[in-house]
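Everything on this sheet refers to the single structure shown next.
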Amino acid sequence: MPSMKFFPSRTMALYVGRLFLTRSFAILFALVLILQTLDLLGTSGKILAVAGNTDNDVWRYVGLRIPQLIETFLPFSVLLGTILTLATLNQNSEVVAMKGAGMSAHQVLAPLFLSALLVAGISFAFNERIVVRSNATLSAWTKAQFAKLPPDTGIRNNVWVRAGDDLIKADTVSKSGQQVVLTGVQVFEREDGVLAYMVSADRAVSVADGWQLQNAQRFDRKAGTMTELGDIVAGKGVAPDQFTLSNVDPDALPFMELRSAITELKQAGRPVASLEAVLWHKISGPLSSILMPLLGAVAAFGLARSGKLYVRAILGMVLGFAYFVADNFALAMGDLGAYPPLLAAWGPFLLFFLIGEMILIRTEE
């Protein structure tokens, strides 16, 4: 008669969990070592080509790059660790012994689920404390072509702001005392979502009732004519904060800071759908480790002597990699605005959870 306990045997749970964790982290270590070595082959030359850079800068790059590799390939390692652990247990007839002792398929996988939950928690904390900082530093250093990072001047480039149905673009945004100054200003006046007029100005400064555009010109799209307007006030109701808010790099901010930045950008009228998708993916991404035992479970059941063990292992890898493809595709669709943020972040997780459960239940039957 099947046991109703989630962990029928503490000894068995510790044994299976230890096998799973050691194999997963061993695979992660090997992947990171190989990929970091390959990455250095193409990057070390660029770093040392910059005047003043030494071997210390190469090691600095390694220190910043390794957290990114760990974040990216930890779920892959958990998938491969799951398949290797379950295939080994199956080949040694240990799964048959567990099933013969009355354990269900979910009870066989229970130690892996618990271990994967632990890995997910470690992954989330690691991403929040270390990965976001290395992302921010490495992104800025890469943009500077591995040269010494210049100080932040506070000048923002290529900033877009929505004002009702209209759009305002500024080539640069800077502060002069308490006044915000825009250069290369373009105001796209729309009617029912269709461009009607375009006002351009060399410079604009914030005033009490809007923005004073200097040497403004207005182009009438329908008539095809250009009109000189001189100095005018436009963009009424658009606060200076809407321009001074910097562009947010979601990969360089922890969960709570990104959530606060999204709130500020919403109040400023900026589009935030893609940022919200990344925000929720900061939770669903680490939790994908819990899916891997479910997707790789196909390698655990079925007779090893039937000759189909390797086929089952390959099928588990295909399911796991299909999840990663679907996850990246959903994030891309969320970034384009084609998917709602919650669907982009959680859709693949829920879909493959149902697929894994369906396969496991059919196996149990």
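Only the coordinates and a few stated rules stand behind these numbers; no lab work does. These numbers come from a predicted model, not from an experiment. Glycine also receives a Cβ, built like all others from the backbone with ideal geometry; neighbour counts cover every protein chain displayed.
What list do you get for Y339, Y310 if you sort them by fewest beta carbons within 10 Å?
With the fewest neighbours first, Y339, Y310 line up as Y310, Y339.
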Cut-off under 5 Å, modelled amide H: who pairs with S104 long-range: S3
Sorted by Cβ neighbour density within 10 Å, fewest at the top, the residues E276, E357, E228, E94: E228, E357, E94, E276
L40, L86 arranged by Cβ crowding within 10 Å, fewest neighbours leading: L40, L86
Value of Rg/Rh across the chain [Cα atoms, Kirkwood radius]: 1.12
Residues with amide H under 5 Å from that of T172, placed H, sequence gap 5 or more: N158, T183
Relative contact order computed over the chain (Cα-Cα under 8 Å; 6+ residues apart), in percent: 17 percent
³J(HN,Hα) computed for each position of the range 64-77 - Karplus, 6.51 cos²θ - 1.76 cosθ + 1.60, integer Hz, glycine/proline x: 7, 7, 4, x, 5, 5, 4, 4, 6, 9, 4, x, 4, 5
Whichever lysines have a C-alpha closer than 26 Å to that of K143, once near sequence neighbours (fewer than 8 apart) are set aside: K46, K169, K175, K282
Hz values of 3J(HN,Hα) by residue in the range 173-188 - Karplus curve (6.51, -1.76, 1.60), Gly and Pro given as x: 10, 9, 10, 10, x, 9, 9, 8, 10, 10, 10, x, 8, 9, 10, 9
Estimated [θ] at 222 nm from DSSP helical runs (n ≥ 4, -39500 (n - 2.57)) normalised by residues in the chain, nearest 500: -20000 deg cm²/dmol
Dipole magnitude of the range 156-244, debye to nearest 20 (Cβ charges: Lys/Arg +1, Asp/Glu -1, about Cα centre): 220 debye
As computed over the range 156-244, the Cα convex hull volume per residue (Å³): 83 Å³
Between 0 and 90°, nearest 10: helix 10-48 axis offset from the chain longest Cα axis: 40 degrees
Between helix 132-143 and the chain: long-axis angle, C-alpha atoms, 0 to 90°, nearest 10: 50 degrees
R0 of 51 Å, Cβ-Cβ distance K169-Y310: FRET efficiency to nearest 0.05: 0.35
Karplus-derived HN-Hα couplings along the range 354-362 (A = 6.51, B = -1.76, C = 1.60, θ = phi - 60°), whole Hz, x at Gly and Pro: 5, 4, x, 5, 4, 5, 5, 5, 5
Rounded to 10°, Cα long-axis angle of helix 105-126 versus longest principal axis of the chain: 30 degrees
Computed lengthening from L343 to D241, 0.36 nm per intervening residue step minus Cα-Cα distance: 33.7 nm
Positive-pole candidate from A170, V207, Q186, dipole of the range 156-244, charges at beta carbon: A170
